[in-house]
Ligand code: SF4
């Protein structure tokens, strides 16, 4: 039986890791989230970084980009890839290339690469690999996943993107697809601290904050 492909944003991998139930309430039940101060600040910082980049940027083809031995950078690269009945979408903060490799960079206000953030960056690596496979192979470049601190620019985590990362990413993507299509129940977090800061804690049936309040 034909089933429409599920549309999944790369950043959902990070949200899934925070709490799958929260993602389900937002994406399937369509309960809106209010934009917080940190979300608004994040968008403003990305916008201003892009404006700075655009002032200096010189146009180049992707052929020239991936063949470059000197460091070249592109920002806000929008990509999509279809496979396994999923349409994966993503906008990569920064794709850089030099003689040694291709660097898929995400800027976050974090000094630790949590597993959800790593999966999000692996999703960007997956998108870049699948969109530019021939050019990456032709130029014999290695793909690296990189997390940078958004405010200091320091590299927080950098790792070659390898087969086990792809497997881990695909398992999460398939799981997410099944949650979105109703084949699998979303898993709520077991961490009450996450519920404390969750916008859905007053409506979510699994909220650990509510449970605590009811017991007292
Ligand atoms: S209240 Fe807790 S369990 Fe419910 S969606 Fe939020 S984080 Fe997940």
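Nothing in this text is a laboratory measurement; each read-out follows from the coordinates by a stated rule. What you see is a predicted model, and the numbers here were worked out from it, not measured in a lab. No Cβ is skipped: glycine too gets one built from the backbone with ideal geometry, and neighbour counts run over all protein chains shown.
Suppose R0 equals 41 Å. What FRET efficiency, 1/(1 + (r/R0)^6) with r the Cβ-Cβ distance, do residue 4 and residue 69 give to the nearest 0.05? All intermediate terms of the calculation are to be shown ahead of the outcome.
On the way: r = 44 Å, r/R0 = 1.07.
Efficiency, rounded to the nearest 0.05: 0.40.
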What's the Kirkwood radius of region 78-176 in Å, using all Cα pairs? 13.8 Å
Distance in nm between pseudo-label sites at residue 158 and residue 142 (7 Å out along the Cβ direction from Cα): 1.1 nm
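Roughly speaking, what is the stretch gain from residue 197 to residue 33, that is 0.36 nm per residue apart minus the C-alpha to C-alpha distance, in nm to one decimal? Present the calculation step by step, with values, prior to reporting the outcome.
On the way: separation 164, 0.36 × 164 = 59.04 nm, distance 1.25 nm.
Gain on extension, residue 197 to residue 33, equals 57.8 nm.
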Hey, what angle do you get for helix 163-180 against the long axis of the chain, alpha-carbon based, 0 to 90 degrees rounded to 10? 40 degrees
With angles folded into 0 to 90 degrees, how steeply does helix 115-131 sit against the dominant principal axis of the chain? Use alpha carbons for both and round to 10. 40 degrees
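Full-extension gain between residue 53 and residue 110, please, as 0.36 nm times their residue separation minus the C-alpha to C-alpha distance.
Numbers: separation 57, 0.36 × 57 = 20.52 nm, distance 2.18 nm.
Taking residue 53 through residue 110 to full extension adds about 18.3 nm, to one decimal.
Highest first, please rank the peptides 35-47, 101-113, 164-176, 182-194 by the mean number of other Cβ atoms sitting within 10 Å of their residues. Mind dumping the intermediate values first?
On the way: 35-47: 11.5, 101-113: 18.8, 164-176: 16.5, 182-194: 13.9.
Ranked by mean Cβ neighbours within 10 Å, highest first: 101-113, 164-176, 182-194, 35-47.
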